[in-house]
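Engineer: I have a structure I would like to understand better, so I am pasting it below and will then ask my questions one at a time.
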Amino acid sequence: MQGLPPRGMRDFYPDQMRTRNWLFSRWRESATRYGFEEYSSSVVEQEELFILKSGEEIVSQLFNFTDKGGRRMALRPEMTPTFARMIAAKGGALAKPLKWFSIAQCFRYERMSKGRKREHYQWNLDVVGVPEVTAEAELLAVALDALGGLGLSAKDVVVRISHRGLMGAVLEGLDIAQESWTGVFGIIDKRGKEPDETLWKLMEAQGVPESTIRALFSLLDENTFDPFYELLEQKGLPTASVEDLRTLFGYLEAYGVRDYCEFSPSIVRGLPYYTGIVFECFDREGTFRAVFGGGRYDSLLELFGAGPLPSAGLGFGDVVIQEILQEKGLLPGLSRRIDFFLVPFSQEERVQAFRTVQQLRKQGFYCDLVLNAKKLKGALREGARLRAKRVVLLLPDELKQGLLVLRDLESGQEERIPEERFLADPGRFLQDDSNSPSRRT
RNA sequence: GUGAGUGUAGCUCAGGCGGUUAGAGCACUAGGUUGUGGCCCUAGAGGCCGGGGGUUCGAGUCCCCUCACUCACCCCA
């Protein structure tokens, strides 16, 4: 088929654009209400910016090119490096703590599957300069506020929370050899996706003794912190990760979002730069990819030449959330808004129609009018297709008497009214005054 | 990168063992007599049946190749 966008890229036709704008406005509204400030940047960056953060392997996943000056460039695969660059460039000039957000289009060159395109928009929220888990609590509160605004409750979605330092300490506490940690992490991450029996065999293949596997699996089933704390304390290992988690859950309770959240030790997250709390949000049925994810990255900004800046962030993509809302029937039936649709009977009445429609538009009404020479019949059909609330007919005989004909498309009723009187208060002809300009905020 | 599935009208799809001018519904356009939409009726327009090759008297249909899309795996936002 011709006319399709490049692989993995999306066209937004007006219907889809309405939905997208609606989603973005929910994001933007929540973020600003929670005190986050919006920022933006170009989608193109120097390739090395991404290599600096993620290593050479990232290059194969980039949409990259050489510009005419021979510089290696790339479309951003995520917003965090750009964010870090911007923060570092301003050095100490920025007052901390700092709370910024962006709705950024990101690109990634890879195979597509459900919930995954080569291009998406991501709502990014970051808090810089806060070493305490108050940052994470605030991030989760704002993301869950947005989810609530989109119609998803704690019955629909769950945030699984863990700590980067926790599993490492646990593996150490269980005396699992350091060289098999990477493999073991990978197996832990598969928990819930593969049957335990399979995972058990994989663990054995890693050389983990049976008794240790049993201990590890029973720990993974825990949703309280005590067994972890006891294990770490008993082995003389740092317990900071468990304490962070305890504190965070206390804060989440106070924020009123505790019922969305659960402790889930197997959450690890792929990105290497996380240093503390990590979290991912899923639909409760588990049929979709993660809705959002994030965590603490205390050493990342230093990589970019900023001083030590404890930070936490969150990324929330537009693809998965729309799939979930679609499946749950929560996408609103958005339609374009036309208050008045003006129909000049013939070319004779056109100029008059232009004058009238401009007066309505200046008053703040949403108006359209017939642009093609068209019979009355076709014009009315066009008005109906646009779902115009009222059609304003400019008919020769009535116009000679200074009268406009207002037609209600739903009831079919018509009213003849002097133009001056109509323009003095057009809003009273729109029955449901909830949409009239005077009621708009 | 591996595996599977699907490509026929703008959209959703039909086209039993190969057989004459390729079908439906929706959408679109125009009519159904002077200046009135939705419903109904009539008509019209719209297809290199994804592309290429092969088998055959004959291919939308069978075979091979290729491309595109979708899903799963991998990886990850």
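The values are calculated or read from the model by the stated rules, or taken from the named source; none is laboratory data. Only a predicted model underlies this, so the values are computations on that prediction, with no experimental measurement involved. A quick note on method: Cβ atoms are made from the backbone with ideal geometry, for glycine too, and the neighbour counts reach across all protein chains shown. Surface accessibility is based on the protein's heavy atoms, side chains included, excluding ligands, DNA and RNA. Shrake-Rupley method; radii C 1.70, N 1.55, O 1.52, S 1.80 Å.
Engineer: Pop the C-beta distance of residue A:348 and residue A:24 into the FRET formula with R0 = 41 Å and round what comes out to the nearest 0.05.
Structural biologist: Approximately 0.40, to the nearest 0.05.
Engineer: Relative to the first principal axis of the alpha-carbon coordinates of chain A, what is the inclination of helix A:210-220, with its axis defined by its Cα atoms, in degrees from 0 to 90 and to the nearest 10?
Structural biologist: Value to nearest ten degrees: 30.
Engineer: Taking the 0 to 90 degree range and rounding to the nearest ten, how far is the long axis of helix A:240-255 tilted relative to the main principal axis of chain A, both from C-alpha atoms?
Structural biologist: Helix A:240-255 sits roughly 30 degrees off the main axis of chain A.
Engineer: Quick one: with all protein chains in place, what share of the accessible area of segment A:340-439 is carbon or sulfur, to the nearest percent (1.4 Å probe)?
Structural biologist: With neighbouring chains kept in place, the figure for segment A:340-439 is 45 percent.
Engineer: Given points 7 Å out from each Cα along the Cα-Cβ axis, report the residue A:254 to residue A:373 separation in nanometres with one decimal.
Structural biologist: 7.4
Engineer: What's the ranking of A:44-50, A:99-105 by average number of surrounding C-beta atoms within 10 Å, highest first?
Structural biologist: Highest-to-lowest ranking by the protection proxy: A:99-105, A:44-50.
Engineer: How high is the relative contact order of chain A, in percent, with contacts defined as C-alpha pairs under 8 Å that are six or more residues apart?
Structural biologist: After rounding, I find 15 percent.
Engineer: How much length is gained on full extension from residue A:299 to residue A:89, taking 0.36 nm per residue of separation minus their Cα-Cα distance?
Structural biologist: Full-extension gain reported as 74.0 nm.
Engineer: Pop the C-beta distance of residue A:109 and residue A:400 into the FRET formula with R0 = 60 Å and round what comes out to the nearest 0.05.
Structural biologist: 0.35
Engineer: If you don't mind, another one. Report the rotationally averaged projected area of segment A:340-439 based on its alpha-carbon convex hull, in square nanometres.
Structural biologist: 5.8
Engineer: Can I ask one more? Please give the Cα centre distance for segment A:258-322 versus segment A:51-94, rounded to the nearest Å.
Structural biologist: Each part reduced to its Cα centre gives a spacing of 20 Å.
Engineer: Report Rg/Rh for chain A, rounded to two decimals, where Rg is the Cα radius of gyration and Rh the Kirkwood radius.
Structural biologist: Across chain A, the Cα-based Rg/Rh ratio is 1.11.
Engineer: State, to one decimal in nm, how far the label point of residue A:326 lies from the label point of residue A:428, with both points 7 Å from Cα in the Cβ direction.
Structural biologist: About 4.6 nm separates the two model spin labels.
Engineer: Choose one of A:125, A:13, A:218: the residue whose Cα lies farthest towards the positive end of the charge dipole of chain A (beta-carbon charges +1 Lys, Arg; -1 Asp, Glu; about the Cα centre).
Structural biologist: Checked the options; the winner is A:13.
Engineer: Something else about it: Beyond 12 Å, how much of the Cα-Cα pair distribution for segment A:296-336 remains, as a whole percent?
Structural biologist: 70
Engineer: Averaged per residue, what accessible area in Å² does chain A show with a 1.4 Å probe, protein chains only?
Structural biologist: Accessible surface, normalised per residue, equals 50 Å².
Engineer: Turning to a different aspect of this structure: Out of the total accessible area of segment A:14-327 (probe 1.4 Å, heavy atoms of protein only), what percent is carbon and sulfur?
Structural biologist: 49
Engineer: If you stretched the chain out fully between residue A:60 and residue A:16, how much longer would it get, using 0.36 nm times the residue separation minus the C-alpha to C-alpha distance?
Structural biologist: 12.8 nm
Engineer: Another one. Order of A:324-337, A:158-171 by packing, highest average Cβ count within 10 Å first?
Structural biologist: A:158-171, A:324-337
Engineer: Find how much the distance from residue A:180 to residue A:359 grows on full extension, using 0.36 nm per residue of separation minus their present alpha carbon separation; answer in nm with one decimal.
Structural biologist: Between residue A:180 and residue A:359, full extension yields 57.0 nm more.
Engineer: Also, quick follow-up: By DSSP, what percent of the beta bridges with both residues in segment A:340-439 are antiparallel, rounded to the nearest 5?
Structural biologist: In segment A:340-439, DSSP labels about 55 percent of beta bridges as antiparallel.
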